[in-house]
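*Asks:* Sharing a structure below in structure tokens format, with a few things to ask.
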Amino acid sequence: MPRRDKDSSREAAGKAFHYEPGRSIGYLLRDCYRSFSRVLEARINPHGVRIGQWFFLRELWEEDGLTQGDLSVRAGITAPTTAVSIRRMVKNGLVVRKQDKLDRRKVRIYLTSKGRRFRDELLPLAIEVNEIATVGFTQKEIRQLRSFIDRMKKNLSDS
């Protein structure tokens, strides 16, 4: 019975959508993400940080000393791309690699003082981009939008 309800709900949702180029929810979310990235990148590039590095910095600001694999998973970025970004971040003095004290096979990524300082400079820029994107939205609408996107993510991860 629950399966049937889920199927009927999916069928009803499918009927509510018709194909219109550039108007599917997936396309609109992708396009919106690209706009977010473009605007954020324009703000962080003058600081010498690329958008790809941003995702790793953000994770390390929350929990420093993650492994490269943990960073890949948390940032939702493939392992090869993570490796390239981490190499560049080491070269730019944002992070250092250190062998794990308990498991010598693991290498952990730690912020340098320069990488930590960027938090105070770059987070306000990300907040600004989110504020620009939500001009004219009420707090209730922002909460609803987050809720809808979270539900879509869950639906897709459950399928």
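The values are calculated or read from the model by the stated rules, or taken from the named source; none is laboratory data. Note that this is a predicted model, so its numbers are computed, not measured. Positions of Cβ are backbone-derived with ideal geometry, glycine not excepted, and every protein chain shown enters the neighbour counts. The protein model used for the area step is the full one, side chains on, heavy atoms only, and it has no ligands, DNA or RNA in it. Shrake-Rupley method; radii C 1.70, N 1.55, O 1.52, S 1.80 Å.
*Asks:* Using a 1.4 Å probe on the protein heavy atoms, what percent of the accessible area of region 96-159 belongs to carbon and sulfur?
*Replies:* Working: 2840 of 5290 Å².
Summing carbon and sulfur atoms, their accessible area is 54 percent of the total for region 96-159.
*Asks:* Further question on the same structure: Please check: in the Gaussian network model of the chain (C-alpha springs, under 10 Å), which one of LEU102, LEU29, LEU94 has the largest mean-square fluctuation.
*Replies:* Highest fluctuation of the listed residues: LEU102.
*Asks:* Would you mind working out the accessible area per residue for the chain, using a 1.4 Å probe, and quoting it in Å²?
*Replies:* Using a 1.4 Å probe on heavy atoms only, each residue of the chain averages 73 Å².
*Asks:* A further question on this structure: How long is the gain from SER24 to ILE127 if the chain were fully straight, where each residue apart is worth 0.36 nm and the alpha carbon distance is subtracted?
*Replies:* Contour length minus the Cα-Cα distance gives 34.4 nm.
*Asks:* If a paramagnetic tag sat 7 Å from the Cα of ARG87 along the Cα-Cβ line, which residues of region 34-63 would have the backbone N under 20 Å from that point?
*Replies:* Within reach of a label on ARG87: 49-57.
*Asks:* Hey, another quick one. Please build a GNM for the chain, connecting alpha carbons under 10 Å apart, and tell me which residue among GLN144, GLN68, GLN99 fluctuates the most.
*Replies:* Fluctuation is largest for GLN144.
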